[in-house]
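Notes follow the structure.
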Amino acid sequence: MRRYRMDGILAMDAPMDVETSFRIGGPADILFKPDNIAEVVRVVKLCRREGIALTVLGNGTNILVRDGGVRGIVMKLSELTELRREREHIFAGAGAGLTGVCEYAMSNGLSGLEFACGIPGSAGGAVCMNAGAYGAEMKDVVYRSVVMDAEGNIGLFDNSGHKFSYRTSAFQDSGYIVLETEFLLTPSEPGAIASAMDEYRARREASQPLDKPSAGSVFRRPAQEGVYVGPMIEACGLKGAAEGGARISEKHAGFIVNGGGATAADVINLIDRAKAAVKEKYGIDLKTEIRIIGDE
């Protein structure tokens, strides 16, 4: 492979445990954090031309990296953090922290993102996952996004082009990358927005294990009305169950936390135990919400 000059942050044989909220994972062959969209284009075209495997991450908060690490290039968009406002629109780079986007909207007197305050991860990752909470989702506030296809071509998707559904969108497993998202919000008093955000933060702190490394909710909510993952796992007697350093949270059984020194294999074993128990007791097939990547 020819030598290429890159202006972002580049590391070889890079440990992925420090790049994910789970604090778990083997090394990436190459980790690259571009600091502008032109660099993203260059890496995508390079990988396509040279036949190099490419894995794209936001801030690594919904990811479990297997213990064998990731081959090829991992491109983490965490440096694309620009925020700007135009009238009732907020523009957020894909790597901008979602809570920071919410606070920026609040400081500009724009309402609509309060539900997302406290959701870990980046704006781009939240759009890809159609992240949501408390009855609202990204689909409710996304106006359009700047996107890139697998060949490095840049375009715009309006809201309908995102193909939003429950915890999914057009970007999952499609080769498209979100580079920037434009949110359409509603003018409101910053004080009222801040109060709503404080309420949502308090509810999260009361119900979620935010003091331990995790990747958020492990499983998607089942399609059955009124059925929730945490209570089912708890009813199966698995609340607090452990595998190595990983544990099903005693605060919320829908979360798996890294209690210290957990491996990806530990987490996957717990996922499999929870799936098997819920299937046996309720006949429901749980589907993972977190993304699992890399080699065993």
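Of all the residues in region 153-184, those that are open to solvent by 30 Å² or more (accessible area, probe 1.4 Å) and in a helix (DSSP H, G or I) number 2.
Could you list all residues from region 113-138 that are over 20 Å from E19 (Cβ atoms), free of Cβ contacts under 8 Å to residues at least 40 places away in the same chain and either surrounded by 24 or more Cβ atoms within 10 Å (Cβ to Cβ) or in contact with a helix residue (DSSP H, G or I) (Cβ under 7 Å, 6 or more places away or on another chain) (or both)? A116, N130, G132, A136, M138, listed by residue number. Every condition in (1) in contact (Cβ under 8 Å) with a residue 40 or more places away in the chain; (2) not in a strand (DSSP E or B); (3) not polar (S, T, N, Q) holds for Y143 except the one numbered (2). For region 220-236, the tally of residues that are open to solvent by less than 60 Å² (accessible area, probe 1.4 Å) and part of a loop (DSSP other than H, G, I, E, B) stands at 4. If a residue must be in contact (Cβ under 8 Å) with a residue 40 or more places away in the chain, among the hydrophobic types (A, V, I, L, M, F, W, C) and open to solvent by 50 Å² or more (accessible area, probe 1.4 Å), how many such residues does region 245-296 contain? Residues meeting the conditions: 1. Selection of first residues in region 185-205 that are more than 14 Å from G118 (Cβ to Cβ) and of second residues that are among the acidic types (D, E) and open to solvent by 50 Å² or more (accessible area, probe 1.4 Å), restricted to Cβ pairs under 9 Å at least 6 apart or on distinct chains, gives the following pairs, ordered by first then second residue: L185/E88; T186/E88; P187/E88. For region 189-198, indicate whether the set of residues that are open to solvent by 30 Å² or more (accessible area, probe 1.4 Å) and outside any helix (DSSP H, G or I) is non-empty. Yes: region 189-198 contains one or more residues that are open to solvent by 30 Å² or more (accessible area, probe 1.4 Å) and outside any helix (DSSP H, G or I).
Scanning region 170-184 for residues that are at pLDDT 95 or above and either closer than 17 Å to P120 by Cα or touching a helix residue (DSSP H, G or I) at 6+ places or on another chain (Cβ under 6 Å) (or both) yields V178, L179, T181.
Given G51, G60, G69, which one is more than 19 Å from G175 (Cβ to Cβ) and more than 18 Å from the chain's Cα centre (by Cα)? Before you say what the answer is, go through the steps one by one.
Working: G51 fails: more than 19 Å from G175 (Cβ to Cβ); G60 fails: more than 18 Å from the chain's Cα centre (by Cα).
Of the residues listed, the single one that is more than 19 Å from G175 (Cβ to Cβ) and more than 18 Å from the chain's Cα centre (by Cα) is G69.
Would you check if I90 is in a strand (DSSP E or B), open to solvent by less than 30 Å² (accessible area, probe 1.4 Å), of a type in the set (A, V, I, L, M) and farther than 30 Å from A262 by Cβ? So I90 fits the description; yes.
Number of residues in region 263-296 that are outside any helix (DSSP H, G or I), within 21 Å of the chain's Cα centre (by Cα) and closer than 25 Å to V70 by Cα: the value is 10.
Screening A105 against (1) surrounded by fewer than 22 Cβ atoms within 10 Å (Cβ to Cβ); (2) assigned to a helix (DSSP H, G or I) leaves a single unmet condition, (1).
Counting the residues of region 132-177 that are closer than 25 Å to S111 by Cα and not acidic (D, E) gives 27.
The values are calculated or read from the model by the stated rules, or taken from the named source; none is laboratory data. Being a predicted model, the structure only gives us computed values, none of them experimental. Here Cβ is always computed from backbone atoms with ideal geometry, including for glycine, and neighbour counts include all displayed protein chains. Ligands, DNA and RNA are excluded from the accessible area calculation, which covers all protein heavy atoms including side chains. Shrake-Rupley method; radii C 1.70, N 1.55, O 1.52, S 1.80 Å.
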